[in-house]
1. Could you tell me which of rounded, prolate or oblate describes the chain, using a ≥ b ≥ c as the square roots of the eigenvalues of the alpha-carbon gyration tensor, with rounded for a/c under 1.5 and, failing that, prolate when a/b is larger than b/c and oblate otherwise?
2. What is the gain in length, in nm to one decimal, between Ala53 and Glu119 on full extension, counting 0.36 nm per residue of separation less the C-alpha to C-alpha distance?
3. Step through the residues of the range 145-161 one at a time and calculate ³J(HN,Hα) from phi using the Karplus curve (6.51 cos²θ - 1.76 cosθ + 1.60, θ = phi - 60°), rounding each to whole Hz and writing x for Gly and Pro.
4. May I have the extent of the alpha carbons of the range 134-339 along their three principal axes, as whole Å values ordered from largest to smallest?
5. Which whole-number percent of Cα pairs in the range 7-121 have a distance greater than 25 Å?
6. Considering only DSSP states other than H, G, I, E and B, which trypsin sites (Lys or Arg not before Pro) in the range 95-198 qualify as loop sites with at most 15 other Cβ atoms within 10 Å?
7. Lone cysteines in the chain, defined as no other cysteine's Cβ under 4.7 Å from theirs: which are they?
8. Would you work out which of Ala53, Val16, Ala306 lies farthest towards the positive end of the dipole of the chain? Charges go on Cβ: Lys and Arg +1, Asp and Glu -1.
Amino acid sequence: MFLRNCWYVAGWLEDVASDAVVARTIIGDNIVLYRKSDGALVALQDRCCHRHAPLSLGRREGDDLRCMYHGLKFNPSGQCIEVPGQDRIPPKACVRSYPVAQAGAWIWVWMGDPARASEDLIPRGLIGPAQTDWIYGQDAMAYEAFYELINDNLLDLSHLSYVHEKTLGRQSLQWGETRPAVTPIERGLRVERWLVDDRPPRHIGAPDDARFDRWTAYDYLAPGIFLLTSEYHALGTAKASGMAKPSARPRHVNMTQQAVVPVTARRSIYYFTAGHRAQDTYDGRVPLQVAAVVNAFQEDRTMIEAQQRVIDASVPSPMVLTSADAAVSRFRRIMQALIEEEAHAA
Ligand code: FES
Ligand SMILES: [Fe+2]
């Protein structure tokens, strides 16, 4: 059901402080995260091989992690290296270790075959604390829904005109009535469009009656990574650009980067950043933007959790597709193909 051979976001870089021992569940696997003395991250199965107590209730000791039930100690590879009161360490005394990386604002864990883990498969273009030309805020939201429904939501922004009618959509029907260009990229899709003569969101700081041609482009990547940039241009730019990607310099640029992470088959976690180019922002603009997206994502969550309840209560039946589902359907096929390829290889 889940793709294993890929990187999943396990939290923000700062979620695992130097002496912290942190529990996470990703695609149903319980994981414990901690840092070695040099700051490098370790991800281990969160189940002691002795009596199955959670290692996340354990204690970091230098580079190692001690189970605080009966004291077995594990090294960063998951090998038991100490059993209190006995010299012999049983050969099977080990826990699984997972490849782990840091990129952008996030910690990433590879849930599949460690031999296939390559940091080249972590999306490019991530914005994090190292990119000082961006100022952003961040938040996260728990969902009682299968992650695919959240992916679907982000791959079809026509819902902005309806779910977010009074918030992000600003009563514009353009999201619902225009269709983006959708092109394949490696392990995902690029989705781009113009909104012509549109009201910008309030957080860009333009006068309330300001109007722009807005170029909105995002990459959507397996298993659920959304990297969006919006450029606000003078009216007429969309037409002058032949309704294609603009070469003109935008007046404002903002971004949001989001990660949809399956926790279990009915629970997900949604991490998101939102921010502006440092040169476009002023005090208070980023918090306004983050508050706007949190408000909007609560609208999404209300709809998607309700959708999940309807689906769960119904006899399975096909969904009737519209042209707005182009990216939704294509991304579902990309994920299906990756999952099938993995099953085949296994
Ligand atoms: S359960 Fe971990 S040492 Fe006993
Ligand atoms: Fe939404």
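FYI, it's all coordinate maths here, none of it is from the lab. Because the structure is predicted, anything quoted here is derived from the model rather than measured. Positions of Cβ are backbone-derived with ideal geometry, glycine not excepted, and every protein chain shown enters the neighbour counts.
1. Numbers: a/c = 2.35, a/b = 1.80, b/c = 1.31.
Cα axes put the chain in the prolate bin.
2. Values: separation 66, 0.36 × 66 = 23.76 nm, distance 3.12 nm.
Taking 0.36 nm per residue and subtracting the Cα distance, the gain is 20.6 nm.
3. Here the 3J(HN,Hα) series is 6, 5, 4, 4, 5, 6, 4, 4, 4, 7, 8, 9, 7, 4, 5, 4, 6 Hz.
4. Its Cα atoms span 49, 35, 30 Å along the three principal axes.
5. In whole percent, the long-distance tail amounts to 18.
6. Numbers: sites: Arg96, Arg116, Arg124, Lys166, Arg170, Arg187, Arg190, Arg193; in loops: Arg96, Arg124, Lys166, Arg170, Arg187.
Sparse-neighbourhood loop trypsin sites (Lys or Arg not before Pro): Arg96, Arg124, Lys166.
7. Lone cysteines by the Cβ rule: Cys6, Cys49, Cys80, Cys94.
8. Ala53
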